[in-house]
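Step one of this worksheet: look at the structure below.
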Amino acid sequence: MPRFVLSAAAHLIANAVGLMLATVLLEGFNMSFLAMVIVVLVFTVVSVVLLPVIRKISEKKMPELLGGLSLIVTFAGLLITELLVSGFSIGGIPNLLAATLIVWLGALIAGVLVPKYLFPSLATPKAQK
């Protein structure tokens, strides 16, 4: 299977793990079962689009943000996804802040483990030609 497809699948799985963790751990963080697939897709697409945009802005205007880039993208991704998808609610500012950390950490851990165990071809570097 092409590396791009495996990489996209790994991102989707990692984000799904992070979002499900937040759903389980946070009382006001809710996704209907049917909305879960859409939430994961929208959140992943928003995150993939926002990352280079925020990185570019940070490099020029606020380089100190680069260290927390993934957290900023997760925060913004959750907000935008909540606005776009019915059946998904974060449950207020405290939940948004907690969900940002939980989703980021869950996706980070899954992002390391998924390629290693589910898609081993992603975990090994591409051979140099």
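Take residue 43 and tell me if it is closer than 17 Å to residue 110 by Cα, at pLDDT 90 or above and touching a Ser or Thr at 6+ places or on another chain (Cβ under 7 Å).
Yes: the conditions hold for residue 43.
Just one of 53, 37, 73 is farther than 14 Å from residue 15 by Cα, of a type in the set (A, V, I, L, M, F, W, C) and modelled with pLDDT of 85 or more; which is it?
Within the list 53, 37, 73, the selection yields 53.
Considering region 20-53 alone, what residues qualify as being in contact with a helix residue (DSSP H, G or I) (Cβ under 7 Å, 6 or more places away or on another chain) and small (Gly, Ala, Ser)?
Passing the criteria: 22, 28, 47.
Filter the helices (runs of 4 or more DSSP H) completely within region 1-103 down to those with at least 3 residues that are of a type in the set (D, E, K, R) and surrounded by fewer than 19 Cβ atoms within 10 Å (Cβ to Cβ).
The helices (runs of 4 or more DSSP H) meeting that bar are 33-61.
Has region 73-93 got any residue that is more than 23 Å from residue 111 (Cα to Cα), of a type in the set (D, E, K, R) and touching a helix residue (DSSP H, G or I) at 6+ places or on another chain (Cβ under 9 Å)?
Scanning region 73-93, I find no residue that is more than 23 Å from residue 111 (Cα to Cα), of a type in the set (D, E, K, R) and touching a helix residue (DSSP H, G or I) at 6+ places or on another chain (Cβ under 9 Å), so the answer is no.
The values are calculated or read from the model by the stated rules, or taken from the named source; none is laboratory data. Computed from a predicted model, the values in this text were never measured in an experiment. We place every Cβ from the backbone using ideal geometry, glycine too, and count neighbours over all the protein chains shown.
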